């Protein structure tokens, strides 16, 4: 992902905790394209910079080394004081700034810190950076929403296969309308318990949502698994497999499929492919 701030391209990378880290090296090129490392070093010499970095780390990093930070703070702003990103990271165990080597490498910082750095370079430049970053996040949210909606609709279509199996094999003429409704709800809850670990009623009590559907709050990965569970349960209903036995099998399948989807690179590539196809159709 790249920000385009008034013609300056700035790399943005995601972290394992879902936070965005913006390239300080790319930001620094706005001031000096020949020596971005020098721009960052000058910023790190500033007393206000050290104060800000220290406060940020204390808020978000329980492993931050305060004694080492205080030592840097004591000398910040002095003529002889110098500080590199690498030294700051290794000495204080900082997480707000990271250093990467190789192609696409450089110094990256959490977006909070990156915006502060951009403001130090130029308030006008910061506005360009912030504006385009917002645009990227809106576009990203829109793509994810489209991908989620597609999976939700697929789940709804597949649910028809599931209810048809219930109607054909579990609904008998002697059942009242109320009993038939109970059958459908029970089978839906078998899927809910297998995937979400709770019934629809339990979810409504926990969340206080009496009108909304718990499946509308599922992730894309959960919806993919739900589609598979609905097909599997429909097949087991046709085979007259008892409900409790079906639940155990469905729960086991849900666990392993979710685990695989959340950790498997191929699944992540599939998710990206689906989103790319959606974008191409727009």
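The values are calculated or read from the model by the stated rules, or taken from the named source; none is laboratory data. Only a predicted model underlies this, so the values are computations on that prediction, with no experimental measurement involved. Counting neighbours? That spans all protein chains shown, and the Cβs are built from the backbone with ideal geometry, glycine included.
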Problem set entry | Considering residues of the stretch 175-218 that are assigned to a helix (DSSP H, G or I), touching a helix residue (DSSP H, G or I) at 6+ places or on another chain (Cβ under 6 Å) and over 23 Å from residue 242 (Cβ atoms) only, the residue modelled with the lowest pLDDT | 214
Problem set entry | Odd one out for residue 94 among (1) surrounded by 16 or more Cβ atoms within 10 Å (Cβ to Cβ); (2) touching a strand residue (DSSP E or B) at 6+ places or on another chain (Cβ under 8 Å) | (2)
Exercise. Could we say that residue 3 is under 28 Å from residue 131 (Cα atoms), modelled with pLDDT of 95 or more and in contact with a helix residue (DSSP H, G or I) (Cβ under 6 Å, 6 or more places away or on another chain) here?
Worked result: no
Exercise. Can you name every residue in the stretch 86-102 that is assigned to a helix (DSSP H, G or I) and over 14 Å from residue 56 (Cβ atoms)?
Worked result: 86, 87, 90, 91
